[in-house]
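Some notes on the structure that comes next.
Read-outs: derived from the displayed coordinates by stated rules, not from any lab. Just so we're clear, the structure is a prediction, and the values are computed from it rather than from any experiment. Every residue, glycine among them, receives a Cβ derived from its backbone with ideal geometry; neighbour counts consider all protein chains shown.
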Amino acid sequence: AQSVTQPDIHITVSEGASLELRCNYSYGATPYLFWYVQSPGQGLQLLLKYFSGDTLVQGIKGFEAEFKRSQSSFNLRKPSVHWSDAAEYFCAVVPLYGQNFVFGPGTRLSVLP
Amino acid sequence: DTEVTQTPKHLVMGMTNKKSLKCEQHMGHRAMYWYKQKAKKPPELMFVYSYEKLSINESVPSRFSPECPNSSLLNLHLHALQPEDSALYLCASSQVGIGGNEQFFGPGTRLTVL
């Protein structure tokens, strides 16, 4: 079945530490891949997206993500986390011939001072 | 202007009330979306409008009635809601077409049904 998974429900890191949030998908053909962030009570903001080409994608706020076809993964990384990065992070896909987003369950990030 | 605006920010209504949520964008996008988001869950797609025509209704109860009066505006009319309809309602817009177009989200309307 087609799905998007984010194995970590909640992650806590210290400010200044590195971060990796995992996203895996199960689709026959590689879908379009996105990471969105949502601060409490707010809408979603796009961090980055991958369609094709270079498998390392740079986004806003110092985030990057790496697409690995062999692992069906699109993990989000940041070398040094800031307290303002505390939020909910959603991985989302659009199937290759589709239009609508399919969201993963989300990972909540907490940042310790 | 890359902003999607939504009004009101908060709404409290009784089960017999009629109210409307409004969404507006001026990015020239011809696809607009309504999502419902419960706490600690991802957004769930409710409706999709493409070129001002309803293209997708994800089996949403008829107490939710969408309307797209023009290419910039999207409304969600609410009537006889249930307490379980309390949620954050998000509007989004994008370019039309297959290809994984980025969706731009509004800040949402926090709805409480008493």
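Under 15 Å from the Cβ of B:LEU45, count the other residues' Cβ atoms, weight Lys and Arg +1, Asp and Glu -1, and hand me the total.
That sum, taken over residues with Cβ under 15 Å, equals +1.
Please state the Cα pair-distance histogram of the protein assembly as shown with 5 angstrom bins from zero: what percent is in each bin?
With 5 Å bins starting at 0, P(r) equals 1, 7, 14, 18, 18, 16, 12, 8, 4, 1, 0.
Please arrange A:PHE101, A:PHE90 by counting, for each residue, the other beta carbons lying within 10 Å of its beta carbon, fewest first.
Result, fewest neighbours first: A:PHE90, A:PHE101.
Hey, fewest Cβ within 10 Å first, where do A:ASP8, B:ASP85 land in order?
Lowest count first: A:ASP8, B:ASP85.
In percent, how large is the relative contact order of chain A, given Cα pairs closer than 8 Å and 6 or more residues apart?
Result for chain A is 37 percent.
Thinking of chain A as a set of Cα atoms, what percent of all their pairs are more than 17 Å apart?
50 percent
Please give the length that would be gained between A:ASN100 and A:SER18 if that part of the chain were fully extended, namely 0.36 nm times their separation in residues minus their C-alpha to C-alpha distance (nm, one decimal).
Length gained between A:ASN100 and A:SER18: 26.3 nm.
Percent of Cα-Cα pairs more than 13 Å apart in the stretch A:7-56, please.
I get 73 percent for the Cα pairs in the stretch A:7-56 exceeding 13 Å.
Rounded to whole Å and ordered largest first, report the semi-axes of the equivalent ellipsoid of chain B derived from its Cα gyration tensor (root of 5λ).
Calculated on Cα positions only, the semi-axes equal 23, 14, 13 Å.
Considering the Cα trace of the stretch B:54-113, what is its radius of gyration and what is Dmax, both in angstroms?
Answer for the stretch B:54-113, Rg first and Dmax second: 13.1, 37 Å.
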